[in-house]
Amino acid sequence: MRITSSVALLILSSCGGVTAGGGEAAEALVQSAFDAQSQPGPFGTEAHGKGVWYRAPAISTNCLMKKDWGFRDDPSHSPNSDSSPRMSPVFNAQNHWTYATEKGYCIYLGDNLTMEVKGSTKLMEVWSVDVEYSMGRPDGWWECVDPKMKNRAIRVITNAAGELEIDGDAGLFQGGCPAPLPIEGIDRKAKNKPKGKPNPPTKAEAMAAAKKLDDALWAQDYNGALNAISCYNLFNKSPYGSCAVSEIINVGPIPRGEMRMQDGTPWSMNVFKSVDNFGKITPDKVDKTMFHIEVKAEDRKRKRQHRTVAIQKVDGEWKLVGFVNAQGEGLTSMRFVYDLDRKEKREIFDRRLKGEKIADDGTSLDPNIRYGYADKDGKLK
């Protein structure tokens, strides 16, 4: 947001304020810019990037590594560099990533961010306005906000029209994050598994369940999307229901024309382009509440043409089943085209549900066993 001195005068005059020349005008401009973009409630800072690594100027990567919240791309990154070092969150700490923007993602820092102007100095034609940020209710990643960013200087320059203008960001790098930031669904709370023996879903019911998820993703209502899913987090001691919106923000709707920058890989995983592709529905051989929907891959070159998504009756409502099954580089995302009707997939899934520490291919997740330092019973060689 670029706010000039003329806009600041309008804002201040409407509130009964008066601006003076020099440093007072620069300070008033910074304060009005902050007030214009901030709102009471949850606040998010933006992390730029859509792949494995992200730049979040507000975040200290040293703090992330000390707290085991994330990794830094280049440990030797110079503190005097003009750009912040790139980082990537670990799965256990990514639940405070709650929203997708065109440039990246929003990290929840707490509620009720405030800014206090401490003074200003002038060097040549540039005013340097000192500010201090504080959080009314710290939460999320606030502990890893860089102290140099909580107390920093904001440059105010004179533009070609002769007006004061902020050179940079007056806030705590809010970027494209909405204010207030949606944070519903950040906690991975386990639920009781569905029970009963419902009648098989009709194709219309399956399509309606898929459309509910797709519409929520299109609207970027990530909590609504999470509520439209029967979720299994295979990295949690109690897998059922223990998923967060962070596992959805990198998942997108089925494309509706041109792809949007904020959308991740479609939940259909590009296997099919429409829920009209839904085919035969068969019951799961283990769980009476679950069924499998056949989808035909549109790409005839695919090795497997027969794929399935799962659907489950939860509290009287049909929901697509989402699986957090493999921790990825960058954000770990939920999968839907999972082929749980295949015998080998179902066997591994059941073993993981019972708490066995194995990966999706059946290999051990114990690093000692995985890399040959111990036998299958965990005894060191």
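Residues that are more than 30 Å from Ile157 (Cα to Cα) and polar (S, T, N, Q) were ranked within the range 86-130; the one that is surrounded by the fewest Cβ atoms within 10 Å (Cβ to Cβ) is Asn92. Filtered by the rule that a residue be among the aliphatic types (A, V, I, L, M), crowded, with 18+ Cβ neighbours inside 10 Å and not in a strand (DSSP E or B), the range 51-65 gives Ala56, Ala58, Leu64. Looking only at the range 279-297, residues that are exposed (fewer than 14 other Cβ atoms within 10 Å of the Cβ) and outside any strand (DSSP E or B) come to 2 in all.
From the list Ser238, Ser230, which residue is under 19 Å from Trp267 (Cβ atoms) and not in a helix (DSSP H, G or I)? Spell out the reasoning first.
On the way: Ser238 fails: under 19 Å from Trp267 (Cβ atoms).
Going through Ser238, Ser230 in turn, the sole match is Ser230.
Pairs are defined by a Cβ separation below 9 Å, a sequence spacing of at least 6 or placement on different chains, a first member in the range 217-232 that is on the phi > 0 side of the Ramachandran plot, and a second member that is at pLDDT 95 or above and part of a strand (DSSP E or B); the pairs so defined are Gln220/Tyr99; Gln220/Ala100.
Among the residues of the range 237-265, the one identified as at positive phi and in contact (Cβ under 8 Å) with a residue 12 or more places away in the chain is Gly241.
Criterion applied to Tyr133, Tyr99 was being of a type outside the set (Val, Ile, Thr) and over 20 Å from Gln220 (Cβ atoms), and the one residue passing it is Tyr133. Being polar (S, T, N, Q), surrounded by fewer than 19 Cβ atoms within 10 Å (Cβ to Cβ) and in contact with a helix residue (DSSP H, G or I) (Cβ under 7 Å, 6 or more places away or on another chain), is that true of even one residue in the range 234-255? No.
Among the residues of the range 96-155, just one is modelled with pLDDT under 95, part of a loop (DSSP other than H, G, I, E, B) and of a type in the set (A, V, I, L, M, F, W, C), namely Met124.
From the list Ala206, Ala228, Ala210, which one is more than 16 Å from the chain's Cα centre (by Cα), crowded, with 20+ Cβ neighbours inside 10 Å and under 30 Å from Pro40 (Cβ atoms)? Give the steps one after another, and end with the answer.
On the way: Ala206 fails: under 30 Å from Pro40 (Cβ atoms); Ala210 fails: under 30 Å from Pro40 (Cβ atoms).
Testing whether each residue is more than 16 Å from the chain's Cα centre (by Cα), crowded, with 20+ Cβ neighbours inside 10 Å and under 30 Å from Pro40 (Cβ atoms) leaves just Ala228.
Screening Tyr133 on (1) without any contact (Cβ under 8 Å) to a residue 40 or more places away in the chain; (2) surrounded by fewer than 16 Cβ atoms within 10 Å (Cβ to Cβ) shows it passes everything except condition (2). So, of the residues in the range 82-91 that are among the polar types (S, T, N, Q) and modelled with pLDDT under 95, which turns out to be nearest to Ser333 (Cα to Cα)? Checking each candidate, the answer is Ser84. Just one of Phe336, Phe291, Phe349 is outside the structural domain of Gly252 (by TED's automatic domain parsing) and modelled with pLDDT of 95 or more; which is it? So the residue among Phe336, Phe291, Phe349 that is outside the structural domain of Gly252 (by TED's automatic domain parsing) and modelled with pLDDT of 95 or more is Phe349. For the range 66-85, the count of residues that are among the polar types (S, T, N, Q), touching a residue at least 40 places away in the same chain (Cβ under 8 Å) and either under 19 Å from Val145 (Cβ atoms) or loosely packed, with under 15 Cβ neighbours inside 10 Å (or both) is zero.
I need the full set of residues from the range 159-182 which are in a loop (DSSP other than H, G, I, E, B) and surrounded by fewer than 20 Cβ atoms within 10 Å (Cβ to Cβ), in order please.
Of all residues in the range 159-182, those in a loop (DSSP other than H, G, I, E, B) come to 159-163, 168-182.
Asn159, Ala160, Ala161, Gly162, Glu163, Gly168, Asp169, Gly176, Pro178, Ala179, Pro180, listed by residue number.
Just one residue in the set Val156, Val145 is buried (at least 21 other Cβ atoms within 10 Å of the Cβ), under 18 Å from Asn62 (Cα atoms) and not small (Gly, Ala, Ser); that residue is Val145.
Determine, yes or no, whether Glu258 is closer than 30 Å to His96 by Cα and exposed (fewer than 12 other Cβ atoms within 10 Å of the Cβ).
Working: closer than 30 Å to His96 by Cα: yes; exposed (fewer than 12 other Cβ atoms within 10 Å of the Cβ): yes.
Judged against the criteria, Glu258 is a match.
Take the conditions (1) crowded, with 16+ Cβ neighbours inside 10 Å; (2) assigned to a loop (DSSP other than H, G, I, E, B); (3) over 20 Å from the mean Cα position of the chain (by Cα); Ser333 misses just one of them, which is (3).
The values are calculated or read from the model by the stated rules, or taken from the named source; none is laboratory data. Keep in mind that this is a model prediction, so the values were computed, not measured. So basically every Cβ, Gly included, is an ideal-geometry build from the backbone, and we count neighbours across all protein chains shown.
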